[in-house]
Amino acid sequence: MELENLRFGTELLKRGFAKMQKGGVIMDVTTPEQAVIAEEAGAVAVMALHAVPADIRKMGGVARMAHPEIIEAIIEAVTIPVMAKARIGHFVEAQILEALGVDMVDESEVLTPADEFHIEKTKFTIPFVCGARNLGEACRRIKEGAAMIRTKGEAGTGDVSQAVLHMRMIHGQIRSLKGMDDLQLMKVAREIEADLDLVRECASMQRLPVVNFAAGGVATPADAALMMQLGADGVFVGSGIFKSENPQAMADAIVEAVHHYDDAALLARVSKGLGAAMKGMDASTIPEAEALQNRGW
Amino acid sequence: MARIGVLALQGDVSEHVLALERAGKGKVQVVEIRKSGQMEACGALVLPGGESTTIRRQLESFGLTQELKAAARQGLPILATCAGLVLVSQEVEGDSMVKPLGLMDIKISRNAFGPQRESFEADLQIKGLDRPYHAVFIRAPAIAQVGDGVEVLARVGEAVVAARQKNLLALAFHPELTKDPRIHQIFLNMLEA
């Protein structure tokens, strides 16, 4: 085998990376110490960021990609993949993250958007995950090159309702494509502003052609198992772990809950003795203009 | 009909299920293993790709570690890919996060090729196959050292990326992500041997 005949950054490698995360929990971390707690709890990857979404909400100001020093220290601290967030449309932040050796970029509505266009993700060697509220958004992100989709939910609230809404919306829209002929699929593609080939693919596969995780408001083992039972391929937990009273116990319990999501007796057991979950806020009380999920299009 | 169990704790389980069904052409039944007691009824096992730290931890949590070791000792054919390769090894170089199961006499270097940007596809010469095999390596491990009873099947540069020891077939790449059924067919042939 000649080393010069290798191919890098293909769609198969990008989507394949996401597939290796299936059935797992990806945890937001802001320090190497938190990353180690996440890895020891059995997280499949960590998301390196400057502050968890609940704090980003509180602090206000412009939310940007994490400091390179923090990201490097986190990469150094763990053996599992390290992801990091870039602002929507900020392709230079993404270039920097790729140069730092990050395994996947989350083009995230949690950070302050930089452009009315999303990043042209096909141009990168490393894969991207993007948020979506519905099938149209999911297909647009996949067309731009996203190798993984997650629900947007409403980050930093600890209120799972929006993640539930978005997961149900995407699955419901895909179910409604079943049995449609090509003219009908064309009409849907036009209406939801999605690429026709992707709509056809969703119709025949009866799922998104990439891995689809739940994110945005998951705060307890029960929330995580709920998303899995609703058909998520895995779960992102943002503020839910390190804003809880006992992060280590919460991290362990959420990993267990995702793996045994259909075993109520076990869910009951792992939900005990965790202390208080993050306090959170009712997502429906957030004014329309301040909702993070409305960023991106 | 042969029943093949795919360890379904985490990772690309459904891809292996599909690949086995494709290669088996209706002659195999594929089941997902998530609970204690399910391995007994299987004639072969697959350890899929995923995160080895996570899967190792879940093996303990689901009480499957001893069952898996016993199955390997009894000579059940086992296909281990990527994270699975790390799990079946004797030793993992300089890494205390994964305690391997010690089923195969090999030493592993985890993430041997670097982060995801170094993940690659390559046409691989594999011993026993007449044409190259298009292989997909994702944050792949490599076999750094092989013991006496281990047959090396493929290399990338110096790194060993496929090997066999009796009933164990271990790969650093992902045959379940491509449509070429030849690797899964080799594995199915091990059931008949």
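Annotations for the structure displayed:
- The number of residues in segment B:12-41 that are within 11 Å of another protein chain (Cβ to nearest Cβ) and touching a residue at least 24 places away in the same chain (Cβ under 8 Å) comes to 7.
Let's see how each residue does on (1) touching a Phe, Trp or Tyr at 6+ places or on another chain (Cβ under 6 Å); (2) at pLDDT 95 or above; (3) open to solvent by 10 Å² or more (accessible area, probe 1.4 Å):
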residue: A:A114; (1), (2), (3): no, yes, yes
residue: A:I119; (1), (2), (3): yes, yes, no
residue: A:F128; (1), (2), (3): no, yes, no
residue: A:A138; (1), (2), (3): no, yes, no
residue: A:Q162; (1), (2), (3): no, yes, yes
residue: A:R168; (1), (2), (3): no, yes, yes
residue: A:H171; (1), (2), (3): no, yes, yes
residue: A:L177; (1), (2), (3): no, yes, no
residue: A:D182; (1), (2), (3): no, yes, yes
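- Of residues in segment B:48-89 being surrounded by fewer than 16 Cβ atoms within 10 Å (Cβ to Cβ) and assigned to a loop (DSSP other than H, G, I, E, B), the one farthest from the chain's Cα centre (by Cα): B:G63
- When residues of segment B:133-159 are limited to those that are open to solvent by 60 Å² or more (accessible area, probe 1.4 Å) and either farther than 19 Å from B:L87 by Cα or not in a strand (DSSP E or B) (or both), the one farthest from the other protein chains (Cβ to nearest Cβ): B:D148
- For segment A:13-30, the count of residues that are open to solvent by 30 Å² or more (accessible area, probe 1.4 Å), within 22 Å of B:S119 (Cβ to Cβ) and at pLDDT 95 or above is nonzero.
Yes/no per residue for (1) more than 18 Å from B:L171 (Cα to Cα); (2) within 8 Å of another protein chain (Cβ to nearest Cβ); (3) basic (K, R):
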{"site": "B:G43", "(1), (2), (3)": "yes, no, no"}
{"site": "B:K69", "(1), (2), (3)": "yes, no, yes"}
{"site": "B:R73", "(1), (2), (3)": "yes, no, yes"}
{"site": "B:L87", "(1), (2), (3)": "no, no, no"}
{"site": "B:E91", "(1), (2), (3)": "no, no, no"}
{"site": "B:L103", "(1), (2), (3)": "no, no, no"}
{"site": "B:N111", "(1), (2), (3)": "no, yes, no"}
{"site": "B:R117", "(1), (2), (3)": "yes, yes, yes"}
{"site": "B:F120", "(1), (2), (3)": "no, yes, no"}
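- If you check A:V92, A:V110, A:V46 for being more than 10 Å from chain B (Cβ to nearest Cβ), under 17 Å from B:Q116 (Cβ atoms) and out of contact with any Ser or Thr (no Cβ under 9 Å at 6 or more places or on another chain), only one passes: A:V46.
The values are calculated or read from the model by the stated rules, or taken from the named source; none is laboratory data. The structure presented is a predicted model; accordingly, all values stated were derived computationally and were not measured. Because the Cβ atoms are built from the backbone with ideal geometry, glycine has one as well, and the counts that use them run over all protein chains shown. Heads up: the accessible areas ignore ligands, DNA and RNA and are worked out on the full protein's heavy atoms, side chains in. Shrake-Rupley method; radii C 1.70, N 1.55, O 1.52, S 1.80 Å.
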